[in-house]
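Single-structure report; data block below.
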Amino acid sequence: MSETVSKPVVGIIGTGAIGGFYGVMLARAGFDVHFLLRSEFSAVAERGLQINSAVHGPLTLHPANAYSAAEDMPPCDWLLVGTKTTSNADLAPAIIQAAKPDAKVLLLQNGLDVEDSLRPLLPDSLHLLGGLCLICVHREGPGQITHQALGAVNVGYHSGSTIDEVARMAIVEEGAGLFRAAGIDSQAMANLHQARWQKLVWNIPYNGLSVLLGAGTEALMADADSRLSIQALMAEVVLGAKACGYEIPPGYAEYLFTMTEKMPDYWPSMYHDFAHKRPLELEAIYARPLAAANAAGCELPRIEALYRHLGFIDRRNT
Ligand SMILES: NC(=O)C1=CN([C@@H]2O[C@H](COP(=O)(O)OP(=O)(O)OC[C@H]3O[C@@H](n4cnc5c(N)ncnc54)[C@H](OP(=O)(O)O)[C@@H]3O)[C@@H](O)[C@H]2O)C=CC1
Ligand SMILES: CC(C)(CO)C(=O)C(=O)O
């Protein structure tokens, strides 16, 4: 007799651009997906989620399983967290509420050590993972998401009751497998910390400069001075990572620089936060990498200056 293997139940904690996009892709691939929302709950409960994707065409999920409270969600095997990093510690009650006892919690967020404020607030039985999304998406309106380019998610293990490396990698592979089943490129990563540093090679220059200079990638890549600033900032991230023991592969910064020239004009999510007067992810993307590099004896003056300018802007904006 053949055994039927049921697909895992997936919960999205924070249905914005990232949570909405990946949640819709998983739901369309047949996963049972449940979306936790805040300000956009009524709109999504009424009209579902729409994605205007330059890669996949228009995608609609209607009805979407929308919730305004985690207590109403079914117990989930996987929870994908798509909130900004600025409030991670506050999410613990909702995560615990929506999680099965041994659920996997995957933070789909940019930045360094974003798992650390949440970990002590979660039971050990919950596995905590990090996911790095290489994608250009933003919210256009309530329940409406624009997907401009890319889409991959790379997954790594952070912490939990499983200490055996092989078992950890099996969980990471299971996570990457969810995305692949939905047609999304996804790699299992052996070292989450290394991968988070690597992603910062893009986010440190572009996120901050988009806010400081009020420019998307097209304008930033068209100007000789901003190109030099981006390259110098990228080089500092590589230095900082090295000081902390993480070797960024040779040529990686150049690869990201060239990749950005080929991207459509993209305004990073930090710019959208600035434009909507939401707090900027300065702690995760700037303060923690700077502190880690400084603790390793490495000064990063350009990143430090960018961080100080952004702090000034953020304090006056929210
Ligand atoms: N956008 C992109 O292309 C990329 C983003 N990232 C990273 O992904 C992460 C998410 O970014 P992004 O999707 O752009 O952000 P968004 O602002 O689009 O989405 C965040 C969502 O979380 C919701 N939220 C916040 N707190 C709660 C809560 N307590 N309960 C329920 N919902 C909540 C927000 O709701 P509300 O509307 O009420 O605030 C919003 O819908 C960030 O770390 C970002 O750096 C990484 C790669 C690319
Ligand atoms: C634009 C891109 C693809 C850079 O890696 C991204 O993922 C981001 O905005 O964080």
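The values are calculated or read from the model by the stated rules, or taken from the named source; none is laboratory data. The shown structure was predicted, so the numbers you read here are calculated from the model rather than taken from an experiment. Reconstructed Cβ throughout: ideal geometry from the backbone, glycine too, with neighbour counts over all protein chains shown. Protein only, heavy atoms only, side chains kept; ligands, DNA and RNA dropped before computing areas. Shrake-Rupley method; radii C 1.70, N 1.55, O 1.52, S 1.80 Å.
With the Cα gyration tensor of segment 171-239 in hand, give its eigenvalues times 5 under a square root as the equivalent ellipsoid semi-axes, listed largest first in whole angstrom.
Working: eigenvalues 192, 47, 14 Å².
Largest first, segment 171-239 gives 31, 15, 8 Å.
According to the Kirkwood expression over distinct Cα-Cα pairs, how big is the hydrodynamic radius of the chain, in Å? Don't jump to the answer; show the numbers that get you there.
Details: mean 1/r = 0.0500 Å⁻¹.
When all Cα pairs of the chain are included, the Kirkwood radius is 20.0 Å.
Would you mind pulling out the separation of the Cα centroids of segment 7-41 and segment 102-145, in Å?
Centre-to-centre distance over Cα atoms comes out at 13 Å.
Under a Cβ-only charge scheme (Lys and Arg +1, Asp and Glu -1), can you give me the dipole magnitude of segment 162-204 about the Cα centre, in debye to the nearest 20? Walk me through the intermediate numbers first.
On the way: 4 positive and 5 negative charges, 46 e Å.
Taking the Cα centre of segment 162-204 as origin, the dipole is about 220 debye.
Using the Karplus curve 6.51 cos²θ - 1.76 cosθ + 1.60 with θ = phi - 60°, work out ³J(HN,Hα) for each residue of segment 169-182 in order, rounded to whole Hz, and write x for Gly and Pro.
Those phi angles translate into 5, 5, 5, 4, 4, 4, x, 4, x, 4, 5, 5, 5, 9 Hz.
I'd like the FRET efficiency for residue 219 and residue 42, computed as 1/(1 + (r/R0)^6) with the beta carbon distance as r and R0 of 41 Å, rounded to 0.05. Don't skip to the answer; put the middle values down first.
Numbers: r = 36 Å, r/R0 = 0.88.
For residue 219 and residue 42, the calculated efficiency is 0.70.
Could you check the simple spin-label distance between residue 6 and residue 296, using points 7 Å along Cα→Cβ, in nm with one decimal?
Placing both labels 7 Å along Cα→Cβ, they lie 4.5 nm apart.
Rank 284, 181, 195 by mean-square fluctuation in a GNM of the chain with C-alpha springs under 10 angstrom and give only the top-ranked residue.
Evaluated over the chain, the most mobile residue of the options is 181.
GNM on the chain, C-alpha springs below 10 Å: top fluctuator among 190, 295, 29?
Comparing 190, 295, 29 in a Gaussian network model of the chain, the most mobile one is 295.
How big is the gap, in Å, between the Cα center of segment 146-184 and the Cα center of segment 279-301?
Computed from Cα coordinates, the inter-centre distance equals 26 Å.
With charges set only on the Cβ (+1 for Lys and Arg, -1 for Asp and Glu), what does the dipole of the chain come to about its Cα centre, in debye to the nearest 20?
Working: 23 positive and 33 negative charges, 92 e Å.
Result for the chain is approximately 440 debye, rounded to the nearest 20.
With the crude spin-label approximation of a point 7 Å out along Cα→Cβ, what separation in nm comes out for residue 90 versus residue 150?
According to this spin-label approximation, the distance is 2.8 nm.
Leaving out ligands, DNA and RNA, what percent of the accessible area of segment 1-123 is carbon and sulfur, probe 1.4 Å? It would help to have the intermediate numbers written out before the result.
On the way: 2760 of 5370 Å².
Taking all protein chains in place, segment 1-123 shows 51 percent carbon and sulfur surface.
Can you tell me the accessible area per residue over the chain, all protein chains present, probe 1.4 angstrom, in square angstrom? The partial results should precede the final answer.
Details: 13810 Å² over 318 residues.
It amounts to 43 Å² per residue over the chain.
Which shape class applies to segment 205-289: rounded if a/c is under 1.5, otherwise prolate when a/b exceeds b/c and oblate if not, where a ≥ b ≥ c are the square roots of the Cα gyration tensor eigenvalues? Kindly include the intermediate steps, with their values, before the conclusion.
Details: a/c = 2.14, a/b = 1.20, b/c = 1.79.
Taking the square roots of the gyration eigenvalues as a ≥ b ≥ c, segment 205-289 is oblate.
Can you give the longest run of the chain that contains no trypsin sites (Lys or Arg not before Pro) sitting in a DSSP loop with at most 12 other Cβ atoms inside 10 Å? Numbers along the way, then the final one.
Details: sites that count: 38, 277.
In the chain, the maximal stretch lacking such sites is 39-276.
Can you list the HN-Hα couplings for segment 78-93, worked out from phi with the Karplus curve (6.51, -1.76, 1.60; θ = phi - 60°), rounded to whole Hz and with x for Gly and Pro?
Taking θ as phi minus 60°, the curve returns 10, 10, 9, 9, x, 7, 6, 6, 5, 9, 4, 5, 6, 7, 3, x Hz for segment 78-93.
Just the number, please: carbon plus sulfur as a percent of the accessible area of segment 167-255, 1.4 Å probe, no ligands or DNA/RNA counted.
The computed percentage sits at 56.
Which entries in 104/242; 7/199; 7/104; 100/199; 199/262; 84/277 show an alpha-carbon gap greater than 21 Å? Present the calculation step by step, with values, prior to reporting the outcome.
Numbers: 104/242 30 Å; 7/199 30 Å; 7/104 14 Å; 100/199 30 Å; 199/262 18 Å; 84/277 13 Å.
Beyond 21 Å: 104/242; 7/199; 100/199.
Counting only helical runs of four or more DSSP H residues, what would the 222 nm mean residue ellipticity of the chain come to if each run contributes -39,500 (n - 2.57) and the total is spread over all its residues? Can you show the working numbers first?
On the way: 11 runs with 134 residues, N = 318.
Rounded to the nearest 500, it is -13000 deg cm²/dmol.
With everything on Cα atoms, drop me the angle between helix 252-262 and the longest principal axis of the chain, reported from 0 to 90° to the nearest 10.
The helix 252-262 is inclined about 80 degrees to the chain.
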